[in-house]
Each structure stands twice: as C-alpha cells, then as structure tokens.
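Below: one structure, written as structure tokens.
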Amino acid sequence: MSESTAKQIVLAARPKGRPTPENFRIEQVPMPALPRGGVLLRVLYLSLDPYMRGRMDDRKSYAPSVGIGEVMTAQSVCEVTASEHPGYAVGDIVLAPTGWRTHAASDGTGLRKLDPKLAPITTGLGVLGMPGFTAYSGLYAIGKPKPGETVVVAAASGPVGSLVGQLAKMAGARAIGIAGGADKCRHVREELRFDAAIDHRAPDFAQHLAAACPKGIDVYFENVGGAVWQAVLPLLNRFARVPVCGLIAQYNASGGEPGPNLLPATMREILSKSLTLRGFINYEFAAEHFATFLQTVAAGIKSGEIRYREDITDGFENAPATFLGMLEGRNFGKTLIRVSG
Ligand SMILES: NC(=O)c1ccc[n+]([C@@H]2O[C@H](COP(=O)([O-])OP(=O)(O)OC[C@H]3O[C@@H](n4cnc5c(N)ncnc54)[C@H](OP(=O)(O)O)[C@@H]3O)[C@@H](O)[C@H]2O)c1
C-alpha cells in the first residue's frame with residue numbers, strides 16, 4: 001500500500017444464510033484528507049464482533065443495515081496521525097467508529113481517548129470496551145446475581161461470556177460456562193476459574209449441563225439461543241433472570257429452519273416460574289454504568305482477579321475470513337485484526 005492509498009472492506013452482496021468471502025470486497029481508495037477541525041487516524045487494531053452479521057442483512061433491527069457497496073461497520077483502536085482538533089494530539093491513541101478501514105478521517109464524533117498506561121490498548125475493544133461493558137451491564141442491571149446462586153453463560157471463552165462468569169464469581173455466585181470443545185472448556189475452568197465448563201458440541205450436552213447445576217439456574221446470561229436455550233429452559237429456577245444479550249446460533253437463520261418450536265415451552269416456563277427475560281443493547285446502560293464498569297474491571301485486571309484472552313490475526317485483508325471463523329467458533333478470545341503497528 002503506497003502512502004497515498006488506503007484500504008477498506010465493503011459489503012459486496014447480502015448473505016443468504018451463512019455468509020461467505022464473496023459477501024465482502026476489499027477496495028483501494030485515496031488516503032483521506034484532514035478535515036477542518038478534525039483528525040486523521042491510522043487504524044492499529046480492528047474489532048470483529050458478532051453484531052456485524054446482523055448489519056449484513058436488510059432487516060429491521062436496533063441499528064441500520066450496511067448498504068451494498070458500503071464499508072462494514074466497526075470500532076477500532078487508532079493512532080492520531082494529524083490533528084486540527086483541540087481535544088486530540090498527534091500520537092494519541094483513540095477508540096473510533098472507523099468501519100473496516102486502514103485509515104479514516106473524523107470530526108471527533110464518537111472518539112474516546114485510551115490511556116495506554118491503564119491497560120494494553122487492545123482491551124479498549126474487548127474486556128474494557130463494548131463487549132466487557134455488555135457483560136457488566138447485562139449481568140448487574142438484569143441478572144442481579146446473589147451469593148450462592150448459579151449463573152450460566154454460553155460463548156464462555158469469548159469477551160462477553162468470560163467476563164460474565166468472572167463477575168458472577170466476584171458476586172459470590174457459582175459460574176457455569178458453556179463453550180465449544182475441550183480446549184475452550186479447559187480454559188474456562190482453569191484460566192478463568194469458572195466452577196464448571198460444559199461442551200455444547202458433546203452429544204450428551206443437556207445431561208452434563210443438568211449435572212453441573214444440581215440446584216438449578218438462577219441467572220442465565222443468554223448469548224446464543226438455539227439448542228443451548230433448549231437445554232437451559234427446564235433448569236431455570238423460580239424467579240430466574242435471563243438477560244437476553246445475543247442469539248448467535250440464529251444469526252444465519254433465513255426462516256423455516258428445522259428444529260423444535262420452543263415458543264410454547266418458553267412461554268409456559270415464563271409463566272409458571274415467574275421468570276424475567278429482558279433483552280438489552282449495551283449502550284442503553286452506558287450513562288448509568290459505564291464509568292463504574294471501567295473502574296471496577298480495570299482494577300480487577302490490575303489485581304489479576306479478572307483475566308482476558310485475545311485472538312489477534314495479522315493483516316487487514318484477513319478480516320473477512322477471520323470474521324466468518326468467529327461466527328462458527330474458530331476464535332479463541334476477543335477477535336481482533338492487527339492492521340498496522
Ligand atoms: N446486546 C448487546 O449489546 C451485545 C453486545 C456485544 C455482544 N453481544 C452478543 O453477545 C454474544 C457473545 O459475543 P462475543 O463478542 O463475546 O462473541 P465471541 O464469544 O467472541 O464469539 C462468538 C462465539 O459464539 C459461539 N457460538 C457460535 N455459534 C454457536 C452456537 N450455535 N451455539 C453455541 N455457541 C455458539 C462460539 O463459541 P464456542 O466455540 O464456545 O461455541 C463463538 O466463538 C453474541 O451473541 C453477541 O451478538 C450482544
């Protein structure tokens with residue numbers, strides 16, 4: 001890439017079911033110019049997150065879809081390379097809504113300065129960023145775990161699930177993680193110190209989950225839906241709370257999928273066990289909880305009480321393949337692309 005060109009990745013076509021590399025196109029574009037009063041940014045790390053799958057569909061949701069030919073949505077960690085903005089100097093490290101780009105121009109909207117002395121800058125996209133805050137806000141504002149209760153979370157080795165379980169432990173609860181495969185389950189038990197980890201790919205998954213929850217489930221932090229929800233539902237206790245955070249098992253569904261209709265059973269359990277199910281999008285809690293989240297989790301990382309894992313792939317052009325792998329569980333920790341630096 002020459003000094004005068006940048007790269008971006010756009011949505012080339014909408015996926016039908018599971019996305020493929022053909023749904024993306026990499027483009028060379030002129031280097032952006034410094035906007036009056038703004039900043040120029042060089043992307044260091046690009047964040048890849050499950051919500052981006054939803055943006056690829058032309059479907060009504062909480063955020064607008066990416067249009068065909070438009071740059072894929074993303075947050076990234078960037079270095080300021082030129083600035084006319086009073087709040088940002090050359091060399092500052094910022095979090096920015098750049099989309100899948102190597103370079104970007106900004107008028108300053110949506111930027112947040114990161115302190116490299118507080119924690120490694122990549123954490124701004126993971127444990128100390130949007131996914132970490134999702135875990136913190138959903139667990140505390142909706143899940144409300146109490147000492148001695150049982151908290152279950154799936155995608156437990158990822159940035160949301162790994163923090164949910166560790167925060168549940170800090171609240172005095174038992175934490176049970178659900179993850180795909182023996183390596184992830186070992187990590188969840190031994191590194192993240194959950195009380196148990198269950199492999200959702202094992203044929204007798206539902207029985208193992210029931211055995212790990214002898215007193216039932218008081219908080220189920222819903223990250224996946226599908227077969228995991230089916231196994232969890234009969235184990236929920238009276239007055240259990242279910243923060244509905246994500247449904248990754250359903251993101252590629254195009255309608256008319258085979259499998260049982262779980263709606264009648266779900267409604268029956270909601271009524272007969274006085275369950276609370278509440279969906280949420282992390283930013284709904286930002287005004288009230290973000291500052292405390294940063295303080296609490298940064299302190300937990302510093303003391304070693306909170307651990308995190310990142311899965312970093314080198315090379316901007318590897319973003320589509322890495323993203324597709326993450327949707328299928330091939331990531332092991334927070335998925336990031338090292339773009340430069
Ligand atoms: N509501 C919000 O504001 C908000 C914000 C951020 C994230 N989220 C949601 O939170 C969830 C976790 O996000 P994350 O960033 O922490 O993702 P992540 O764990 O890094 O990656 C997704 C993981 O989902 C698991 N998975 C994929 N298909 C599955 C299936 N059919 N059944 C069970 N597990 C499956 C895979 O892990 P295994 O290999 O362990 O199966 C995969 O590694 C996602 O649903 C995401 O959309 C919501």
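The values are calculated or read from the model by the stated rules, or taken from the named source; none is laboratory data. Not measured: the values here are computed from a predicted model. Cβ sites come from the backbone with ideal geometry, for glycine too, and all protein chains shown count toward neighbours. Areas reflect the complete protein model, heavy atoms only, side chains present, ligands, DNA and RNA absent. Shrake-Rupley method; radii C 1.70, N 1.55, O 1.52, S 1.80 Å.
Summary table
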{"item": "Residue check, Gly148 within 15 Å of the ligand (Cβ to nearest atom), without any contact (Cβ under 8 Å) to a residue 40 or more places away in the chain and under 24 Å from Ala231 (Cα atoms)", "result": "no"}
{"item": "Unique residue being surrounded by fewer than 24 Cβ atoms within 10 Å (Cβ to Cβ) and within 14 Å of the ligand (Cβ to nearest atom) when the list is Phe205, Phe221, Phe194", "result": "Phe205"}
{"item": "Single residue of the range 44-95 satisfying the filter (open to solvent by 20 Å² or more (accessible area, probe 1.4 Å), touching a strand residue (DSSP E or B) at 6+ places or on another chain (Cβ under 6 Å) and within 16 Å of the ligand (Cβ to nearest atom)) that is nearest to Glu222 (Cα to Cα)", "result": "Gln75"}
{"item": "Test for Thr266: is it more than 16 Å from the ligand (Cβ to nearest atom) and in contact with a Phe, Trp or Tyr (Cβ under 9 Å, 6 or more places away or on another chain)", "result": "yes"}
{"item": "Count - residues of the range 276-313 that are among the small types (Gly, Ala, Ser) and outside any helix (DSSP H, G or I)", "result": "2"}
{"item": "The range 307-318: number of residues that are away from the ligand (no atom under 15 Å from the Cβ) and either closer than 14 Å to Val127 by Cβ or surrounded by 18 or more Cβ atoms within 10 Å (Cβ to Cβ) (or both)", "result": "1"}
{"item": "Condition met for Leu139 (within 29 Å of Phe290 (Cα to Cα), open to solvent by less than 10 Å² (accessible area, probe 1.4 Å), assigned to a helix (DSSP H, G or I) and more than 11 Å from the ligand (Cβ to nearest atom))", "result": "yes"}
{"item": "Residue list for the range 201-260, restricted to those being in a loop (DSSP other than H, G, I, E, B), closer than 22 Å to Tyr62 by Cα and touching a strand residue (DSSP E or B) at 6+ places or on another chain (Cβ under 9 Å)", "result": "Asn223, Val224, Gly225, Cys245, Gly246, Leu247"}
{"item": "Filtered residues of the range 319-335 (kept if among the polar types (S, T, N, Q) and either more than 8 Å from the ligand (Cβ to nearest atom) or open to solvent by 10 Å² or more (accessible area, probe 1.4 Å) (or both))", "result": "Thr322, Asn331"}
{"item": "Residues within the range 269-295 that are touching a helix residue (DSSP H, G or I) at 6+ places or on another chain (Cβ under 8 Å), open to solvent by 50 Å² or more (accessible area, probe 1.4 Å) and more than 15 Å from the ligand (Cβ to nearest atom), tallied", "result": "1"}
{"item": "Yes/no for Arg338 being surrounded by fewer than 18 Cβ atoms within 10 Å (Cβ to Cβ) and in contact with a strand residue (DSSP E or B) (Cβ under 8 Å, 6 or more places away or on another chain)", "result": "yes"}
{"item": "Residues within the range 70-107 that are among the polar types (S, T, N, Q) and in a strand (DSSP E or B), tallied", "result": "4"}
{"item": "Residue tally, condition modelled with pLDDT of 95 or more and either outside any loop (DSSP other than H, G, I, E, B) or under 20 Å from Asn252 (Cβ atoms) (or both), over the range 9-37", "result": "19"}
